[in-house]
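Q: Pasting a structure here, questions to come.
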Amino acid sequence: MAAAKPKGQNSLALHKVIMVGSGGVGKSALTLQFMYDEFVEDYEPTKADSYRKKVVLDGEEVQIDILDTAGQEDYAAIRDNYFRSGEGFLCVFSITELESFAATADFREQILRVKEDENVPFLLVGNKSDLEDRRQVSADEAKARADQWGVCYVETSAKTRANVDKISLLIHTRTLLHCRKKSQIPFHFLMLCYGCKRFSLTS
């Protein structure tokens, strides 16, 4: 899906990233950490909340729209509509909940079915890394699944903010690269490594 350029936003390219995963894994907390640098422990279950932030990637200022979706089965029927508009996906599970890890396979299957694109930007995220003593999903097990899918795996903590910027950088650069490839727009300095000096945030 080509990036839209909405009116009234200085004609900046708009890229849509969708946050998916079971309920209670910390999707909203991760989103709020990235957006506002704050941890919200008590958060009402989400139906779908959208957040927008300006990001500089490859020397270009773009807008990233992050859609935080519901993980509950009650909303499964409406996910297809959200997924169709997505250009990149963060699939989140809790390392303290084996069931949420198992559910990532269903989310990926649904995304690939809707997008009809095996190469859609996708990142597997194991959240709540600060709760190591309650871990149910080993890092090796999650990494093996990511390798099987041909995607990256990153462990995060919405509470301590560990690797929040890393997953943001990875999914945003992959989304921009994928969109540029599809639209045949040349890219020069886009790097997919964490710590890339060409990545910055603007207020």
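Bear in mind that the values in this text are calculations on the coordinates, not laboratory data. All figures in this text were calculated on a predicted structure; none of them were measured in a lab. Please note: Cβ atoms are built from the backbone with ideal geometry, for glycine as well, and neighbour counts cover all protein chains shown.
Q: How large is ³J(HN,Hα), in whole Hz, for each residue of segment 126-131 in order, when computed from phi with the Karplus curve 6.51 cos²θ - 1.76 cosθ + 1.60 and θ = phi - 60°, using x for Gly and Pro?
A: These are the phi-based 3J(HN,Hα) values: x, 8, 6, 5, 6, 9 Hz.
Q: List the residues whose amide H sits under 5 Å from the amide H of Gln136, counting only those 5 or more places along or on another chain, with H placed 1.01 Å from N in the peptide plane.
A: Distant-sequence amide H within range of Gln136: Thr96, Glu97.
Q: I would also like to ask the following. With an 8 Å Cα cut-off and a minimum separation of 6 or more residues, compute the relative contact order for segment 74-140 in percent.
A: Across segment 74-140, relative contact order equals 45 percent.
Q: What ranking do 11-22, 49-60 get when scored by the average of other Cβ atoms within 10 Å per residue, highest first?
A: Numbers: 11-22: 21.7, 49-60: 15.8.
Sorting 11-22, 49-60 by mean packing, highest first, produces 11-22, 49-60.
Q: Give Lys16/Lys159; Lys54/Lys181; Lys128/Lys181; Lys115/Lys159 a once-over and call out the pairs whose C-alpha atoms are over 28 Å from each other. The partial results should precede the final answer.
A: Numbers: Lys16/Lys159 25 Å; Lys54/Lys181 21 Å; Lys128/Lys181 34 Å; Lys115/Lys159 32 Å.
Violating the 28 Å Cα-Cα cut-off are Lys128/Lys181; Lys115/Lys159.
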